[in-house]
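Undergrad: This is the structure I want to talk about, given as structure tokens.
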Amino acid sequence: MSGETVPGLRREAIGLREVLFQSITAMAPAAAVAASIPSGAAFAGGSLPLSVLIALVACLFTASCVAELARQLPAAGSVATYAAQGLHPAVGFLVGWGYVFVEALVPPLLLLQLGFTTAGTLHQEWSSYPDDLWWPWSLAGAAVIAVAGYFGVRASARFGTILGVFEVLVFVVFAVWLIIKAGGDNTLSVFGTSHTAEGHDGISGVFAGSVYTVLAFAGFEAAAPLAEETKDPRRTMHRAVLGAALSIGLVYVLTTYAMAVFYGPDRFAGFGASGAASWEGVARASFGLFWVLVFLAVINSTIANANACANVSTRTAFALGRIRVFPQLFARLHPKHRSPVTGVAVQCGVALAAMLGLGFSYDPVTAFLLLATVIVTVVTGVYIVVNLACTGYFLRRRRDLFQPVRHLVFPLLGIVAFVPALLTAAGLPVFDFVSELTAPVSYAGPIVGVWMTAGVVVLLVLLRRHPGRIAETARVHLDETSPTDLRQSGAVQS
């Protein structure tokens, strides 16, 4: 790793295919289909396909807002830049502060899943393998991600593309196979409310299922931080963000429909993430060795997701280091690969510390749930702020482009979709289907609170000593706009 600072990230290193799969793999489709989406079955039952369809429509509102901002503001700072331009640079700083924190926690989250999933499966096949020997697999995954990040965005993005194609292909093929096997049991009634779980009748059960399903869409915006390394970023980012949300959303609808009609809509409320009533369980029971491909797709998904989110965290940290609101070390790049090597090293260190520290302090599954709650709480909050920023940006800065439906109605609908998801992730029992969190998962709220409080303290110090640095959170470096220009254009408020 070199300590030499080079002009910037590698320009035009990747194209639409790579950035599309950056968002796709950040959504972790295989892991979401196998583990996340089935959590909604306890409420929606066999009507879960309708829940997924509603969640898709809801998430497309926010994806549209992100895509609109990504087209106008192609920057490695992504959501931080959007909030700075659309609302205020101080808000942009806090969004970046929270976003880089949780994106840095996604790799250890996924490495924990890689470890306990692999260990559990090996123990199930060979009882002599200890089911608690998870950490070697997690360490191996961490090494793969660190190497991919070190060799730059081209290597990392192409690696993610290969992994993404595999996991999506496996589950799409399996879904088609399930639909064929279901034969006469195929029915469009699963897109109605007649199969909801007992105690969650009608549309209320479908709504509850959709709230849990919304969380499976998190990550569709992950292409945006690669804007400065992408060919024709304004057009490419817009297409990648919307394309990922729409295409994977349709995969979610297809796969959920396929399993619901094959397994049986009226007993689907008992479907889950493990055991006989799960994707791997059905594959084991009915399709022979095909379960191995399902298992490999889920493992593949953990590595691909960790790789994509490592790209997000290192690029966001680079953007904040470049304007010196983070230590300037984060802006140092490898002279050949143009990768943010300091960020890659810190990301690797954070992943190892969080993964091993929490995994051994509790157990890998409990550590996974704690990290997942922290991440989803902050990410859904970021989505809500970005929806507000979309309206603010087009009303305040680009009134000539303002469209009431796209820039006002869609953001409001996006907020409506993610507020229930935020409350659910935080365990706030506003709805009767939300369960209060228990320790140590309940520590997620205080952890987020401490981190964001620290961000406010840093913000106040910087506003007092170096206000220009906060102002630069609104800067779009591809446009080579100076801080002076930002003040004159009104992006920085005095």
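The values are calculated or read from the model by the stated rules, or taken from the named source; none is laboratory data. Quantities reported herein were computed from a predicted structural model and do not represent experimental measurements. Counting neighbours? That spans all protein chains shown, and the Cβs are built from the backbone with ideal geometry, glycine included. Heavy atoms of the whole protein, side chains included, go into the accessibility calculation; ligands, DNA and RNA do not. Shrake-Rupley method; radii C 1.70, N 1.55, O 1.52, S 1.80 Å.
Undergrad: Give the whole-number value, in cubic angstrom per residue, of the convex hull volume spanned by the C-alpha atoms of the chain. Numbers along the way, then the final one.
TA: Values: hull volume 66.3 nm³, N = 494.
Measuring per residue, one finds 134 Å³ for the Cα hull of the chain.
Undergrad: What does the net charge come to around A331 if you take all other residues with beta carbon closer than 9 Å to its beta carbon, with K and R at +1 and D and E at -1?
TA: On the way: positive: R322, R324, R332; negative: none.
Around A331, the surrounding residues sum to +3.
Undergrad: Using the membrane-span-like helix rule (whole DSSP H runs, Cα extent along the own axis of at least 24 Å, mean Kyte-Doolittle hydropathy at least 1.6), which helices of the chain qualify? If you can, show how the numbers build up before the last one.
TA: Values: long enough: 48-72 (36 Å, 1.65); 89-125 (54 Å, 1.00); 153-182 (43 Å, 1.77); 233-263 (44 Å, 0.85); 290-322 (48 Å, 0.99); 341-361 (29 Å, 1.71); 364-396 (47 Å, 1.78); 444-465 (32 Å, 1.68).
Helices meeting the span and hydropathy rule in the chain are 48-72, 153-182, 341-361, 364-396, 444-465.
Undergrad: Could you work out how much longer the chain between F151 and V458 gets when fully extended? Use 0.36 nm per residue separation minus the Cα distance between them, nm to one decimal.
TA: Numbers: separation 307, 0.36 × 307 = 110.52 nm, distance 3.20 nm.
Working it through step by step, the gained length comes to 107.3 nm.
Undergrad: With every protein chain kept in place and ligands, DNA and RNA left out, what is the accessible area per residue of the chain? Probe 1.4 Å, answer in Å². Walk me through the numbers before you get to the answer.
TA: Working: 18740 Å² over 494 residues.
So the chain comes to 38 Å² accessible per residue, rounded to a whole number.
Undergrad: Averaged over every viewing direction, what's the projected area of the C-alpha convex hull for segment 61-218? Give it in nm², one decimal, please.
TA: On the way: hull surface 58.7 nm².
That works out to 14.7 nm².
Undergrad: Continuing with this model, one more query. If you average 1/r over every pair of different alpha-carbon atoms in segment 381-475 and take one over that average, what Kirkwood value in Å do you get? If you can, show how the numbers build up before the last one.
TA: On the way: mean 1/r = 0.0619 Å⁻¹.
Here the Kirkwood hydrodynamic radius works out to 16.2 Å.
Undergrad: Just the ratio, please: alpha-carbon radius of gyration of segment 135-274 over 2.2 N^0.38 Å, N its number of residues.
TA: Values: Rg = 19.0 Å, N = 140, 2.2 N^0.38 = 14.4 Å.
For segment 135-274, the normalised Cα radius of gyration comes out at 1.32.
Undergrad: Working out 0.36 nm times the residue gap between R324 and H123, then minus their Cα-Cα distance, what length gain in nm do you get to one decimal?
TA: 67.5 nm is the gain from fully extending R324 to H123.
Undergrad: Just going by the charge dipole of the chain, with Lys and Arg at +1 and Asp and Glu at -1 on Cβ, which of V168, W134, P265 is farthest out on the positive end?
TA: V168
Undergrad: A further question on this structure: Which is the longest part of the chain that has none of the GluC sites (Glu not before Pro) sitting in a DSSP loop with at most 13 other Cβ atoms within 10 Å?
TA: Working: sites that count: E4, E12, E198, E436, E480.
Result, exposed sites excluded: 199-435.
Undergrad: Could I ask something else about it? Once a ≥ b ≥ c are taken as the square roots of the eigenvalues of the Cα gyration tensor of segment 320-448, is the result rounded (a/c under 1.5), prolate (a/b larger than b/c) or oblate (a/b not larger than b/c)? Could you put the intermediate results ahead of the total?
TA: Numbers: a/c = 3.31, a/b = 1.10, b/c = 3.01.
The shape class here is oblate.
Undergrad: On to the next question. Inverting the mean 1/r over all pairs of different Cα atoms, compute the Kirkwood radius of segment 237-290 and quote it in Å.
TA: 12.7 Å
Undergrad: Any idea which of V448, S339, V350 is furthest toward the positive side of the dipole for the chain, if Lys and Arg beta-carbons carry +1 and Asp and Glu beta-carbons -1?
TA: The residue sitting most towards the positive pole is S339.
Undergrad: Which Cys residues of the chain have no other Cys beta carbon under 4.7 Å away?
TA: Those would be C59, C309, C348, since no other cysteine Cβ in the chain comes under 4.7 Å of theirs.
Undergrad: Let me have the 222 nm mean residue ellipticity of the chain computed from DSSP H runs of 4+ only, each contributing -39500 (n - 2.57), with the sum over all residues rounded to the nearest 500. Please report the intermediate quantities before stating the final value.
TA: Values: 17 runs with 320 residues, N = 494.
Calculated from helices alone, the mean residue ellipticity at 222 nm is -22000 deg cm²/dmol.
Undergrad: Defining a contact as two alpha carbons under 8 Å apart and six or more residues distant in sequence, what relative contact order in percent does the chain show?
TA: Details: 929 pairs, mean separation 161.6, N = 494.
Once divided by the residue count of the chain, the mean separation gives 33 percent.
Undergrad: Under the classification rounded if a/c is under 1.5, otherwise prolate if a/b is larger than b/c and oblate if not, where does segment 44-138 fall, given a ≥ b ≥ c as square roots of the Cα gyration tensor eigenvalues?
TA: Details: a/c = 4.04, a/b = 1.70, b/c = 2.38.
The shape class here is oblate.
Undergrad: Which length gain, in nm to one decimal place, applies between D232 and A439 when the Cα-Cα distance is subtracted from 0.36 nm times their residue separation?
TA: Numbers: separation 207, 0.36 × 207 = 74.52 nm, distance 4.71 nm.
Net length gain for the segment: 69.8 nm.
Undergrad: Also: What ranking, highest mean first, results for peptides 310-321, 183-194 when packing means the other Cβ atoms within 10 Å averaged over each residue? Working shown, then result.
TA: Numbers: 310-321: 27.7, 183-194: 14.4.
Highest to lowest by the protection proxy: 310-321, 183-194.
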